[in-house]
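Worksheet for the structure shown next.
Nothing in this text is a laboratory measurement; each read-out follows from the coordinates by a stated rule. What you see is a predicted model; the values in this text were computed from it and never measured. With ideal geometry, Cβ positions are generated from the backbone for all residues, glycine too; neighbour counts draw on all protein chains shown.
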Amino acid sequence: PSAKWEKGGFLPRMPESLEQLDLLLIEEVRSRRIRRDGIHFQGFRYLSLTLAAYVGEDVTIRYDPRDMAEIRVFYNDRFLCRAISAELAGETVPLRDIVRVRNSRRRELRKILSSRRKTVDVLMQLKKGHTVDKPGASSASELEPAIRIKRYRNE
């Protein structure tokens with residue numbers, strides 16, 4: 001290859017359009033299966049009329065992480081269609097923003113679960129006959145057993 005390049009007879013094949021160049025530059029690639037209601041990816045549903053003929057087939061999707069409103073669908077390494085998310089249509093939502101919001105929501109839910117778990121621990125201690133000075137002021141280390149046992153509703 002280097003000899004051909006140096007001879008000057010080699011011209012690289014350029015994409016015919018800007019859209020084809022755009023497809024070459026998108027590096028984010030994932031595999032998905034087409035469902036009856038579209039392609040599910042990152043918690044969103046992507047639709048296109050072309051996908052109806054390929055239900056149940058595995059496809060490769062390419063997407064721009066800075067714009068999650070649309071994905072490009074490839075079947076057998078050939079471009080099939082563009083699928084659009086109805087929730088994101090007309091908007092540009094970067095993937096990092098979606099991940100950031102999801103992570104913050106998970107942190108909030110963990111805090112809620114932690115406080116509820118502490119309340120249950122206090123109630124369990126009271127039910128067993130142990131006295132607790134202030135239910136809100138007791139530390140989790142005092143109430144948490146050394147070995148964690150799965151609790152059931154009837155306990």
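Of note:
- Difference of contour (0.36 nm per residue) and Cα-Cα distance, A53 to R117: 18.1 nm
- Surrounding net charge for D58, when Lys and Arg each add one and Asp and Glu each subtract one, Cβ distance under 10 Å: +1
- Inverse mean reciprocal Cα-Cα distance (Kirkwood Rh) of segment 50-121, Å: 15.1
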